[in-house]
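Data block below; observations after.
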Amino acid sequence: KFQKFKKEDDEEGESQGSEQNEDADKTLPPVLPDEGEGDVPKVEKDNHTQQDQVEVNEEGLIKNEEQDQQLRTPEPESEPEVEEEEQEILIESSSLPDMDHEWNTGNFDINIIRCSDCHLHYDYCRHSEDEYVNAFNDLGNEISDKFSGVSIIGNHERPGYLGCFDVYVRGVGPMNKRDGQGRYFLFSKKLAGKFPKAQEIIDTITILCLLYGNSEKLGQAQKEFKENYRYLIPKADKGKHEYPGDMPENLKKQPALKQKIKPQSDRIMRCKNWGCGQEYQEDKNDKHSCRHHPGKYQFGSRHGLWPESWTCCRAEWDSLGCRKGFHKGVPATEFVRLCINHGEPNPDSFYPDSFCGKPFQEPENKPEWQVTAEDKEALLC
């Protein structure tokens, strides 16, 4: 009995499943739009599928381009780009800081660390101490001529490396650029790879005097640092000396070597080689830049034995140079200005921690500054 009922239930389940599969195989007719909304293409019963006759979307609806355009949200129109006009910044000359006549007469210290006892390491360094003594004295002469109250101290600390020549001031300058002993280095031969130019050191000291007000206030700030932070200053080395420095007794000289160092300045120079005379940038000078005549110009023999020409190529005066090489020139314009722009003052020291101090040449065509009444009111506010 039980097997009979079970067989009947299985037959009923199979018949219901076959009916559901037949309903699923039947394709539903497409949903047509209402009357008046557009022409509907006629659908003919054919062996082909419905998608071959009418374009149908993914949801099984007939595509209608007019309805799609009405339902689409209009995109916002992009505003036309307006070109911003560059505004010229007008600066009044009275807004620049004024320096008093005695700005460079104050007392302050400058330290120079130079290589010493060079006879002990002459065998593997091959440099002579007189070169460093002369560089120390030459730099001291230039600085003392500009700042009458300066005290130049040599080798307060022992040189940190062979061939050392460093210049620094203690207790002044940007706080974020000082070391643990309060030293602000103006120059380091280890980084530059050559001896310093006196004008670069003087320019940096001038900027420091301008930031502190004058050289007297610079010296006062230096004195206060030495009194308050005496524990940061090491004891003087036995090789400490004053300016000017004396030549050592044990001296070994090295023959002079010509070393070409590529300049870093972009100032305009004028070549003085015969046949060239062109202007060029100092940092863009290579061995093929100049066309010149290495010889002399002869104005001819009184008896007509040889013509008037250059001795190197026997060409005329206006001829192009017969040899290529480096430019050898002088500054086209010797008057150079110094940039005095500086950053915001440090809240701890009340002095700025950054400044420009780069030299630049003034253009030939100077712009005429025109300050209006509105600009004056803005500067006074």
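Miscellaneous remarks
- Considering only alpha-carbon pairs that sit under 8 angstrom and 6 or more positions apart, the relative contact order computed for segment 108-249 is 34 percent.
- Violating pairs (Cα-Cα greater than 25 angstrom) within the set Lys190/Lys217; Lys226/Lys358; Lys190/Lys223; Lys238/Lys358; Lys194/Lys226; Lys189/Lys238: Lys190/Lys217; Lys226/Lys358; Lys190/Lys223; Lys238/Lys358; Lys194/Lys226
- If you wrap segment 268-335 in the convex hull of its Cα atoms and look at it from every side, the mean projected area works out to 5.1 nm².
- Highest-first packing order for the peptide set 283-289, 101-107 is 101-107, 283-289, based on the mean count of other beta carbon atoms within 10 Å.
- Size-normalised alpha-carbon gyration radius of segment 108-249, reference 2.2 N^0.38 Å: 1.04
Here, each number is a calculation from the coordinates, and none is a lab measurement. If you're wondering where the values come from, they're calculated on a predicted model, not measured in any experiment. We place every Cβ from the backbone using ideal geometry, glycine too, and count neighbours over all the protein chains shown.
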